[in-house]
Protein chains: 2
Amino acid sequence: MSVTAPEGFVAVGGSAGIKAGGMPDVAVVATADGRAVPAAGVFTSNLAAAAPVQVSRANLKDTGGQVAGVILTSGNANAATGKPGLEAAWGLCDAVAITIGARPKEILIGQTGLIGIPFPIDVVLPQVSGITSDRAAGPEAGAAAAWAIMTTDTVPKEVVIRGNGFTVGAMAKGAAMLAPNMATMLALCTTDAAVDPATLHRALLEAVTDSFNAMTVDGCTSTNDTVLVLASGLGATPSSGALTAALSEACASLAQQMVDDAEGATKVSHIRVVGAENDGAAHVAARKVADSLLVQCSLNGEDPYWGRVVSELGSAGVSFDMSSVSVAYGGVVVCAGGVAASHDAIAVAAHMAGRHVEIVCDLGVGTGEAAVLGTDLGYGYIDENRTTS
Amino acid sequence: MSVTAPEGFVAVGGSAGIKAGGMPDVAVVATADGRAVPAAGVFTSNLAAAAPVQVSRANLKDTGGQVAGVILTSGNANAATGKPGLEAAWGLCDAVAITIGARPKEILIGQTGLIGIPFPIDVVLPQVSGITSDRAAGPEAGAAAAWAIMTTDTVPKEVVIRGNGFTVGAMAKGAAMLAPNMATMLALCTTDAAVDPATLHRALLEAVTDSFNAMTVDGCTSTNDTVLVLASGLGATPSSGALTAALSEACASLAQQMVDDAEGATKVSHIRVVGAENDGAAHVAARKVADSLLVQCSLNGEDPYWGRVVSELGSAGVSFDMSSVSVAYGGVVVCAGGVAASHDAIAVAAHMAGRHVEIVCDLGVGTGEAAVLGTDLGYGYIDENRTTS
């Protein structure tokens with residue numbers, strides 16, 4: 001399902017030797033007829049942007065947002081790889097373009113995996129034409145593509161949203177390094193909506209803001225974050241609001257799936273800040289709480305230590321008045337007016353024992369609000385990240 | 001030793017029932033004759049500042065920096081405790097003042113421990129006069145005070161610096177929440193230097209910048225961070241440079257001791273950024289690397305995954321050019337010109353196996369430089385912080 005659900009797209013997942021043991025590591029998604037269609041992308045803000053980010057940005061710019069296909073690879077980020085890395089990314093785009101009958105500039109690329117390891121282009125390149133040739137329509141092809149982009153993910157992430165006369169399909173990979181301005185994540189959306197590149201770009205930006213940019217695992221912003229969308233134009237022409245809504249829903253689902261499958265996490269936190277000076281301040285405060293190691297450790301231990309939450313709110317750099325702060329866990333107010341509130345400790349304990357923990361912080365200084373998805377911090381994250389081997 | 005090393009100070013440590021089991025939890029340091037002397041303080045930037053921070057700030061302001069004694073307590077932060085918390089802090093200052101024959105405003109207070117728990121003033125207050133009465137000169141008294149301010153510290157932190165005709169003594173507690181703008185830490189410096197409050201304040205600010213504000217464990221800024229200094233005036237009048245140098249050396253030693261004893265840490269990281277646009281940018285970048293969970297996990301696993309270091313540098317928000325970055329572990333360059341450099345992997349592994357790991361990042365864009373002390377992230381931190389019980 002997912003990226004092949006909208007009309008006009010084919011996909012494939014295959015093994016090209018980036019990962020050991022013949023694991024799937026290359027996905028190609030393209031228009032069924034090799035035609036370039038409106039496309040848009042949102043990329044990492046990291047100034048150490050990887051080669052594929054540089055290439056995709058340039059190709060979108062040079063074509064005015066007209067794209068025929070996307071190649072996504074996993075197992076090696078092709079980041080901090082210098083000129084050879086750029087040449088590798090160009091080579092992959094070329095191979096796909098030749099196979100599907102498009103121009104190289106009409107191919108985008110996303111890559112994920114370890115940073116700073118030379119990309120094994122000599123091993124991979126000979127496989128790309130063959131893999132691309134196997135592209136097909138239908139749900140199995142979309143699923144195979146979603147499997148091929150996984151790294152430390154334990155399950156593929158896919159979603160399909162049906163609009164009025166159009167469909168959005170999307171897939172993503174993510175795990176750790178999920179943070180401000182996206183995460184170590186790749187996401188590819190397809191739609192059959194008939195839309196121009198500029199409208200598509202605006203809709204994607206808005207969708208990303210409320211989804212991938214509103215989740216965090218470890219506060220790290222990756223070198224490779226990439227969210228792409230291609231629009232075949234074979235369906236209806238939605239209003240920009242309808243398109244944005246469908247893309248937002250797709251991205252929000254993928255973000256939720258990513259946090260649910262975050263490296264080593266045992267809890268998903270839903271941190272909501274209300275009563276902030278404005279929405280921006282609420283977002284900053286919510287992210288500060290969600291990113292806090294001490295709060296994350298408390299979630300791991302199922303300890304409703306709201307003092308740490310208040311401490312993070314107070315150091316978030318937003319308007320703050322201790323005497324007007326309240327904090328609730330799962331709807332149970334544990335702090336009011338900046339001090340401990342008598343409460344039903346058993347209800348709080350029951351809520352914290354679940355996988356999803358909701359913390360609502362009311363700053364009491366305005367009407368701004370925002371929500372951020374986060375995780376706990378436990379042994380699992382450390383196990384996953386202490387060595388790369 | 002420590003705070004009683006300079007001429008003119010007495011100290012005591014005792015148990016007042018804040019901690020369970022009769023553990024020491026109150027320290028009082030005062031001038032030997034109860035006279036108010038020049039003093040200065042630097043406090044947390046957290047807007048959820050605890051009651052003792054509010055009281056000490058006010059007392060320093062109201063007296064123009066003339067202080068006769070300090071009471072420090074551990075086991076309860078007296079933070080997020082509202083008006084009763086303020087009244088408790090005032091009560092503690094009053095009790096010390098009466099006992100040593102000073103005015104209440106001439107007493108400062110620092111407290112550390114859990115946030116959001118009402119301070120048990122009814123239990124503690126009756127003990128304070130008795131404890132204060134036992135104050136004494138000499139090294140044992142200073143050591144007892146240093147013991148009484150520990151929370152999750154495993155060893156007391158003390159230092160004595162001898163200047164030309166004057167001495168600086170200092171003690172501190174710290175553990176987790178060691179981060180920007182100080183840490184969950186209390187530090188008290190004494191000196192017999194003859195100096196006015198304004199000069200003392202400037203010297204303290206400078207000493208804090210290069211010590212407590214250049215270390216990090218978890219990026220959390222506490223509600224209670226407090227660094228104080230009292231100057232008895234019984235020694236020589238140092239130049240402001242000499243005073244700053246001695247205070248800086250004392251604070252740097254305490255910062256090093258704190259990071260060495262950080263909750264659950266197995267490594268101390270020395271992150272140095274050079275070649276930045278300016279010193280401020282270098283500090284931001286160094287802190288970004290030191291605070292990175294992924295870098296900290298790599299340190300725990302002794303994995304020289306420099307790609308994560310470069311990724312943090314690229315997302316630090318400072319001037320950055322991927323092609324000019326280099327990274328060295330223990331003096332061995334592993335990344336040059338933004339790509340992997342062939343290097344002696346055995347030498348790097350040997351360096352990372354030690355307790356102290358040095359990472360030098362050259363941004364190659366200017367002459368700014370800065371260093372930050374950090375730690376690794378392992379099971380120990382989680383064990384220490386997942387529950388408060």
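Here are the numbers:
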{"quantity": "Residues being polar (S, T, N, Q) and buried (at least 24 other Cβ atoms within 10 Å of the Cβ) - total across the range A:185-212", "calculated": "3"}
{"quantity": "Lone unmet requirement of (1) outside the structural domain of B:V195 (by TED's automatic domain parsing); (2) under 17 Å from B:E358 (Cβ atoms); (3) of a type outside the set (V, I, T); (4) surrounded by fewer than 23 Cβ atoms within 10 Å (Cβ to Cβ) for B:S292", "calculated": "(4)"}
{"quantity": "Filter result for A:S56 (in the same structural domain as A:S232 (by TED's automatic domain parsing), of a type in the set (G, A, S) and at pLDDT below 95)", "calculated": "no"}
{"quantity": "Residue match in the range A:345-352 (condition: in contact with a helix residue (DSSP H, G or I) (Cβ under 9 Å, 6 or more places away or on another chain) and either within 22 Å of A:D291 (Cα to Cα) or of a type outside the set (D, E) (or both))", "calculated": "yes"}
{"quantity": "Of all residues in the range A:52-78 being within 14 Å of chain B (Cβ to nearest Cβ) and small (G, A, S), the one that is farthest from A:G17 (Cα to Cα)", "calculated": "A:A77"}
{"quantity": "Residue in the range A:266-274 that is of a type in the set (A, V, I, L, M, F, W, C) and closer than 22 Å to A:K173 by Cα present", "calculated": "yes"}
{"quantity": "Check on B:V310, in the same structural domain as B:V284 (by TED's automatic domain parsing) and at pLDDT 95 or above", "calculated": "no"}
{"quantity": "Qualifying residue in the range A:219-237 (condition: within 18 Å of A:A370 (Cβ to Cβ), in a helix (DSSP H, G or I), in the same structural domain as A:A39 (by TED's automatic domain parsing) and not basic (K, R))", "calculated": "no"}
{"quantity": "Yes/no for A:T81 being free of Cβ contacts under 8 Å to residues at least 40 places away in the same chain, β-branched (V, I, T) and within 14 Å of chain B (Cβ to nearest Cβ)", "calculated": "yes"}
{"quantity": "Residue among A:S45, A:S2 that alone is over 22 Å from A:L243 (Cα atoms), of a type in the set (S, T, N, Q) and either within 22 Å of the chain's Cα centre (by Cα) or not assigned by TED's automatic domain parsing to the domain that holds A:K173 (or both)", "calculated": "A:S45"}
{"quantity": "Pairs, first at the interface with chain A (Cβ under 8 Å from one of its Cβ atoms) in the range B:303-329, second aromatic (F, W, Y), C-beta under 8 Å, six or more apart", "calculated": "B:W306/B:Y329; B:L313/B:F320; B:G314/B:F320"}
{"quantity": "Sole exception among (1) touching a residue at least 60 places away in the same chain (Cβ under 8 Å); (2) farther than 30 Å from B:G75 by Cα; (3) within 9 Å of chain A (Cβ to nearest Cβ) for B:L377, by number", "calculated": "(2)"}
{"quantity": "The range A:136-167 - residue that is among the acidic types (D, E) and surrounded by 15 or more Cβ atoms within 10 Å (Cβ to Cβ) and, of those, nearest to A:A49 (Cα to Cα)", "calculated": "A:D153"}
{"quantity": "Boolean, A:V284 is in contact with a Cys (Cβ under 9 Å, 6 or more places away or on another chain), assigned by TED's automatic domain parsing to the domain that holds A:G378 and in contact (Cβ under 8 Å) with a residue 24 or more places away in the chain", "calculated": "no"}
{"quantity": "Unmet criterion (only one of (1) under 21 Å from the mean Cα position of the chain (by Cα); (2) within 11 Å of chain B (Cβ to nearest Cβ)) for A:H283", "calculated": "(2)"}
{"quantity": "Filtered residues of the range A:123-178 (kept if basic (K, R) and in contact with a helix residue (DSSP H, G or I) (Cβ under 6 Å, 6 or more places away or on another chain))", "calculated": "A:K157"}
{"quantity": "Scan of the range B:300-322 for residues that are closer than 18 Å to B:H343 by Cβ and in a helix (DSSP H, G or I), ordered by number", "calculated": "B:W306, B:G307, B:R308, B:V309, B:V310"}
{"quantity": "Enumeration of residues in the range B:146-160 that are touching a residue at least 24 places away in the same chain (Cβ under 8 Å), in a loop (DSSP other than H, G, I, E, B) and not aliphatic (A, V, I, L, M)", "calculated": "B:T151, B:T152, B:D153, B:T154"}
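Per-residue answers, yes or no, for (1) out of contact with any helix residue (DSSP H, G or I) (no Cβ under 6 Å at 6 or more places or on another chain); (2) closer than 14 Å to A:V160 by Cα; (3) away from chain B (no Cβ under 14 Å):
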{"position": "A:H201", "(1), (2), (3)": "yes, no, yes"}
{"position": "A:G233", "(1), (2), (3)": "yes, no, yes"}
{"position": "A:S240", "(1), (2), (3)": "no, no, yes"}
{"position": "A:L247", "(1), (2), (3)": "no, yes, yes"}
{"position": "A:S253", "(1), (2), (3)": "yes, yes, yes"}
{"position": "A:D261", "(1), (2), (3)": "yes, no, yes"}
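The values are calculated or read from the model by the stated rules, or taken from the named source; none is laboratory data. Just so it is clear, the model here is predicted, and its values are computed rather than measured. Don't worry about glycine lacking a Cβ; one is built from the backbone with ideal geometry, like all the others, and counts go over all protein chains shown.
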